[in-house]
1. Between region 190-224 and region 57-101, how far is it from one alpha carbon centroid to the other, in angstrom?
2. Sorted from fewest to most neighbouring beta carbons within 10 Å, what does the list His252, His73 look like?
3. Round to the nearest 10 and give me the degree value, 0 to 90, for the angle of helix 201-210's Cα axis relative to the longest principal axis of the chain.
4. If one computes the Cα centroid of region 130-171 and of region 230-252, what distance in Å separates the two points?
5. If each DSSP helix of 4+ residues adds -39,500 (n - 2.57) and the sum is divided by the residues in the chain, what number results at 222 nm, nearest 500 deg cm²/dmol?
6. Take every Cα pair under 8 Å in the chain that's 6+ residues apart, average their separations, divide by the length, and report that relative contact order as a whole percent.
7. For a protection proxy built on the mean count of beta-carbon atoms within 10 angstrom, sort 231-243, 53-65 highest first, please.
8. Amide H of Arg179: which non-local residues (sequence gap of 5 or more, or other chain) have their own amide H closer than 5 Å, using H built in the peptide plane?
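No value in this document is a laboratory result; all are computed from the given coordinates. Predicted model, so just to flag it, every value in this text is computed and none were measured. Methodologically, a virtual Cβ is constructed for each residue, glycine included, from the backbone with ideal geometry; neighbour enumeration extends over all protein chains shown.
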Amino acid sequence: MRLNGKVVIVTGAARGIGQEYAVAAAREGAAVVAADMSDCGQTASLVEAAAGRVIAVKVDVASATSAADMARHAMSAFGRIDGLVNNAALYGQLKGGAFTGIDEQEWDAAMAVNVKGIWNCCKAAVPFMKEQAAGSVVNITSLAATFGMPFRLHYTTSKAAVIGLTRGLARELGRDGIRVNAVAPAAVLTEGTQEFFAGKMEKALDAIKNSQAIPRNLVPADLAGTVIYLLSADSAFVTGQTLSVDGGTVMH
């Protein structure tokens, strides 16, 4: 129970890896704030089944007001915020193709959710962490950034920005007892990845798998341990890092 007595916010928690993080945190003893634009009812039920405490909150991370409301709901329900997992992102909804063909509005949307959204959520939650002089922020970036994925430059660029944001914020918040790290997964077997690759899913997953030292595709459960580690005291002296969970595709 590495998160016993802690309160963890997970954005993008309605399905996929966000749902996995929420349930994993509950199993480690945390009270969970499951936040998403979509309904988090299923996630809340899974957390409760794991004997966890949970509230489901609707949030648009691209809105500073919505992010602030999310943090206030967490404080009202549980009285503290110890962990923030910034998982919400535009992914499957983004169209692929040459960078010259990316629609400007879609580029802006990717930056608003995937980068500004993390900034908004940190602005909302970190002040409460500062009050207790402790906290952990885990930002979800991507293999797209560390490998340099072409033909979805808006997604790749946004996830690269998350790494820079993580490093800068880690230096800014270290003296406040707050750690900031990132996790960079390969393509995970989720609905979002299916939407992302569409008809090229099987070919893309085979190419990814064959480039790895561990030749199988990533599943949500593969990520949970890394996120829990970064939220817990096990990583008390780890900050500013990007941990790749990609089967050995990119080796730092």
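1. When both Cα centres are located, 24 Å separates them.
2. Final ranking by Cβ density, sparse to dense: His252, His73.
3. 80
4. 12
5. Numbers: 9 runs with 109 residues, N = 252.
One gets -13500 deg cm²/dmol as the mean residue ellipticity at 222 nm.
6. Values: 526 pairs, mean separation 46.6, N = 252.
Taking the mean separation of contacting Cα pairs over the length of the chain, I get 18 percent.
7. Details: 231-243: 16.5, 53-65: 19.4.
Final packing ranking: 53-65, 231-243.
8. Gly135, Ser136, Val137
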